Amino acid sequence: MSHQSFFASVERNFDKAAQHTGLPQGLLEQIKVCNAVYQIKFPVKIGDEYHVIEAYRVQHSHHRLPTKGGIRYALSVNQDEVMALAALMTYKCAIVDVPFGGAKGGVKINPRAYSEFELEKITRRYTTELIRKNFIGPGIDVPAPDYGTGAREMAWIVDTYQTFKHGDIDSAGCVTGKPVSQNGIRGRAEATGRGVFYGLREVCSFKEDMAKVGLEPGIEGKTMVIQGLGNVGYHTARISINEGGVKLIGVAEYEGAIVKEDGIDIEALMTHRRETGSILDFPGAKNLPKREDALELECDILVPAALENQIHAGNASRIKAKIIGEAANGPVTADAEDTLLKKGIIIVPDMYINAGGVTVSYFEWLKNLSHMRFGRMEKRFNANTYENLVSTVERLTGKVIGPKERSVLTRGADEIDLVNSGLEETMIEAYRQIRDVYISYDKITDLRTAAFVSALNKISSDYMALGIFP
Ligand code: NAD
């Protein structure tokens, strides 16, 4: 496994793209650096002992406010990692036109080693530290879930924030990814995975791009291997199978990896894991000797959805997938990328393909600031209008449509419909912008560089609009 600095890897990719932009050096430097790094060490009483917890919040770019990015709970957390993830957030937000600067948080703990009560204590104390230094707030910096955290942690964060900021009418917008009952939004939990699916479907829709890797256009029937069945990996698998007709043939989790050429039933696998504590020995599937072996399976689409640095100089030459969808952040090291590109593999970069989470987080933040659920005003009005239209058509044609068809045609959009529609539009539009760059710049030969250029063009015009750089 490579130990290349994650932040250095992001910087190297940035530099590779920056040379195509013609932007002034000073401006590029300003975009590249981390604007604020906050390292905290605080004590939490666990049983009879005090544990000193190391944590971070990094705000990579203040060119737009608030800044935004998830909070990671993992033992591997360090300053370099949080800086890299914060930088990726800046470019990600620009790519999907979400008007935030990038940020990221990390708490260096193994969440599995603590009870729920202890995790709550740690989360509330971390939030208090962020409040003390003005590193959180609906107009300042808005965290969200990441590896090792979810809606539960976000509920503790918003509750702590509201305890300190009593009377702040926009306080619910201090964090996203909250439970729906705590001012969250429908569809946020699955948003990153759903976005990965929409993005991959779009990538697979271009006949000439697919021909280059020897595949037919269309996502249906493509074989997929997923590493990591957490929030992102599970929903990517479920939605790709159910809505895209993808065949999931391999899965890697913490405890090992399995392969099943005729397709894995994802719900059955989740049930098997809940009951036995492992994905191994799943009926009809073959266990692989090592969990990393799944990455090297023959497949159309490989989706690393666990952690960074999974495909590195040591295994890149053995990767057989035609397309890699970087659902995780930074799963491919810069060294490995050179090898994969030489092999003709399409790498769909993290800063685009996993941007569904931040996109729906943006919708949640807007909902919190507007203090109203999406669809509340227009749902009935639209339903009534469609009903009148259908009745008029029936009257004019003398024909009557069936009740099932009628209910489809006359439905007004709910919050979940609007969220998914906004997400789908965002993922399609962002990919088209990236592909336009990829096609129109002669010297750009990979999608990551194209995505970076697309982001840099947008961020630089923000700086110019601010009058900081003429
Ligand atoms: P998660 O904690 O819900 O799930 C991660 C899963 O990966 C866990 O089940 C874990 O057991 C598994 N895993 C860890 N190491 C592994 C290994 N070596 N091999 C196989 N499996 C392994 O985390 P998540 O929220 O799904 O995040 C996963 C990745 O996606 C991270 O890189 C994160 O930054 C990125 N991401 C998450 C979101 C989000 O909305 N949660 C958004 C964008 C990007």
Which value in Å does the Kirkwood hydrodynamic radius of region 212-287 take, with 1/r averaged over all unlike C-alpha pairs and then inverted? 12.7 Å
Hits among lysines - C-alpha to C-alpha of residue 212 under 23 Å, sequence gap 8 or more where chains match: 222, 247, 320, 322, 342, 343, 443
The size of the Cβ-based charge dipole (Lys, Arg +1; Asp, Glu -1) of region 191-353 about the Cα centre, to the nearest 20 debye, is 120 debye
Could you work out the local net charge near residue 299, counting Lys and Arg as +1, Asp and Glu as -1, over the other residues with Cβ closer than 11 Å to its Cβ? 0
Dipole magnitude (debye, nearest 20) for the chain, charges at Cβ of Lys, Arg, Asp, Glu: 700 debye
So which lysines can residue 165 reach, going by Cα to Cα under 20 Å and dropping same-chain residues fewer than 8 places off? 68, 121, 133, 178, 367
Taking N as the number of residues in region 252-318, what is its Cα Rg relative to 2.2 N^0.38 Å? 1.14
Taking the Cα centre of region 1-121 as origin, work out the dipole magnitude from +1 charges on Lys and Arg Cβ and -1 charges on Asp and Glu Cβ, in debye rounded to 20. 240 debye
Between beta-carbons, use under 10 Å as the cut-off and find the net charge around residue 224, counting Lys and Arg +1, Asp and Glu -1. +1
Provide, in order from the shortest bin, the percent of all Cα-Cα pairs of region 336-470 in each 10 Å bin, continuing until the bin that contains the maximum pair distance. 10, 24, 23, 20, 15, 7, 1
For region 75-146, what is the Kirkwood hydrodynamic radius in Å, using each pair of distinct C-alpha atoms? 13.6 Å
Where the accessible area of the chain is counted over protein heavy atoms with a 1.4 Å probe, how much of it, in %, is carbon and sulfur? 52 percent
Give me the distance between the Cα centres of region 136-212 and region 287-332, rounded to whole Å. 26 Å
Quotient of C-alpha Rg and 2.2 N^0.38 Å, computed over region 17-114: 1.29
In order over region 63-78: 3J(HN,Hα) from phi, Karplus 6.51/-1.76/1.60, θ = phi - 60°, whole Hz, x for each Gly or Pro, gives 5, 9, 10, x, 8, 8, x, x, 10, 9, 10, 7, 5, 7, 4, 8
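Kindly report the accessible area of the chain per residue (heavy atoms of protein chains, probe 1.4 Å, no ligands, DNA or RNA), in Å².
Roughly 43 Å² per residue, with all protein chains present.
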How would you classify region 34-184 from its alpha-carbon gyration tensor, with a ≥ b ≥ c the square roots of the eigenvalues: rounded for a/c under 1.5, else prolate if a/b is greater than b/c, otherwise oblate? oblate
Can you give me the Rg/Rh ratio for region 341-404, using Cα atoms for both radii and the Kirkwood formula for Rh? 1.33
Which Cα, out of 101, 145, 73, lies furthest along the positive dipole direction of region 34-184 (beta carbon charges, K/R +1, D/E -1)? 101
Residue-wise HN-Hα coupling along region 278-294, computed from phi with Karplus coefficients 6.51, -1.76, 1.60 (Hz; x: Gly, Pro): 7, 7, 5, 6, 6, x, x, 9, 9, 6, 9, x, 10, 5, 5, 4, 4
Remind me, relative contact order of region 272-324 in percent, using alpha carbon pairs under 8 angstrom and six or more residues apart? 34 percent
Given 5 Å bins starting at zero, what is the percent of C-alpha pairs of region 376-431 in each, up to the one with the largest pair distance? 4, 18, 19, 18, 14, 13, 9, 4, 1
Would you report the distance distribution of C-alpha pairs in the chain as whole percents per 20 angstrom bin, up to the bin with the largest distance? 24, 55, 20, 1
Longest to shortest principal axis, alpha-carbon extents of region 191-353, angstrom: 43, 34, 27
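The values are calculated or read from the model by the stated rules, or taken from the named source; none is laboratory data. Values in this document were obtained by computation on a predicted structure and should not be read as measured data. As a convention, Cβ positions derive from the backbone with ideal geometry for all residues, glycine included, and neighbour counts pool all protein chains shown. Please note that ligands, DNA and RNA were not included when accessible areas were found on the heavy atoms of the full protein model with its side chains. Shrake-Rupley method; radii C 1.70, N 1.55, O 1.52, S 1.80 Å.
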